[in-house]
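Engineer: Quick one: structure below, then a few questions.
The values are calculated or read from the model by the stated rules, or taken from the named source; none is laboratory data. Quick caveat, the model's predicted, so the values are computed rather than measured. Using ideal geometry, Cβ is built from the backbone for each residue, glycine included, and neighbour counts are taken over all protein chains shown. Calculation scope for accessible area: heavy atoms of the full protein, side chains included, ligands and nucleic acids excluded. Shrake-Rupley method; radii C 1.70, N 1.55, O 1.52, S 1.80 Å.
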Amino acid sequence: MQEALKEARAAEARGEVPVGAVVVAPDGTIVGRGGNRTRQDHDPTAHAEVVAIRQACAATGSERLAGHDLYVTLEPCPMCAAAISGARIARLYYGAADPKSGGVAQGPRVFSHPQCHHVPELYDGIAAAESESLLRDFFARLRD
């Protein structure tokens, strides 16, 4: 999760919402990483999870990431949860809950739908306090 937090801080330095993600291969190596890039790339789908999954798929030469873990600093939104399912991520570890836009434990709970073809193992609250602090401080500065 520390690597995902580094990606979140890098996203914040670029003026993006500070969310970071890393994809870890079964052997423990990081094969994909990313922070939010929606503003930088002018792409509403460039969330940290999607950026990291795209990089991991390119690195592995496959659209499926069976056996891989995804660490992300914020509960994935519905779009990202669907991408995680589609990529067949084995385990999802996330930090802060997202009551407003989350798609895993909040809101639509994508992995609970019968249309969801793959459900990863879920682990929440990993480095949640640090993830929440990054987000809270970022949005507080925007309001000032």
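Engineer: Given the protein chains as shown and a 1.4 Å probe, how many square angstrom of D27 are accessible, to the nearest 10?
Structural biologist: Accessible surface of D27 is approximately 120 Å².
Engineer: Taking a 1.4 Å probe, which of K6, K100 shows the most accessible area, and what order do the others take after it?
Structural biologist: Order by accessible area, largest first: K100, K6.
Engineer: Where does helix 48-60 land angle-wise versus the long Cα axis of the chain, in degrees 0 to 90, nearest 10?
Structural biologist: 40
Engineer: Okay, next question. Is the C-alpha gyration tensor of the stretch 60-144 telling us rounded, prolate or oblate? Criteria: a/c under 1.5 is rounded; beyond that, a/b larger than b/c is prolate, otherwise oblate.
Structural biologist: Prolate, because a/c is 1.5 or more and a/b exceeds b/c.
Engineer: Quick one: compute the contact order of the chain, relative version, from alpha carbon pairs under 8 angstrom and 6+ residues apart, as a percent.
Structural biologist: 20
Engineer: Around G35, what is the net charge, scoring Lys/Arg as +1 and Asp/Glu as -1 over all other residues with Cβ under 10 Å from its Cβ?
Structural biologist: Net charge in that neighbourhood comes out at +2.
Engineer: Okay, moving on. Rounded to the nearest whole Å², what accessible area per residue is found for the chain with the 1.4 Å probe?
Structural biologist: Normalised by residue count, the accessible surface of the chain is 49 Å².
Engineer: Determine the share of the chain's accessible area contributed by carbon and sulfur atoms, expressed in whole percent, with a 1.4 angstrom probe.
Structural biologist: 53
Engineer: Let me ask another. Subtracting the Cα-Cα distance from 0.36 nm times the residue separation, let me have the gained length for A10 to R136 in nm, one decimal.
Structural biologist: Contour length minus the Cα-Cα distance gives 43.8 nm.
Engineer: Roughly what would the spin-label model give for R143 and R88, points 7 Å off Cα along C-beta, in nm?
Structural biologist: Distance between the two pseudo-spin positions: 4.5 nm.
Engineer: Moving to a separate point now. How many angstrom separate the Cα center of the stretch 1-54 from the Cα center of the stretch 84-144?
Structural biologist: Centre-to-centre distance over Cα atoms comes out at 13 Å.
Engineer: Express as a percent, rounded to the nearest 5, the fraction of DSSP beta bridges in the chain (both residues included) that run antiparallel.
Structural biologist: Rounded to the nearest five, the antiparallel share is 55 percent.
Engineer: Let me ask something else. Would you mind calculating the relative contact order of the stretch 1-83 from Cα pairs under 8 angstrom and at least 6 residues apart, reporting the percent as a whole number?
Structural biologist: The value is 30 percent.
Engineer: Further question: Rounded to the nearest 500, what is the chain's calculated 222 nm mean residue ellipticity when only DSSP H runs of at least 4 contribute -39500 (n - 2.57) each, over all residues?
Structural biologist: -11500 deg cm²/dmol
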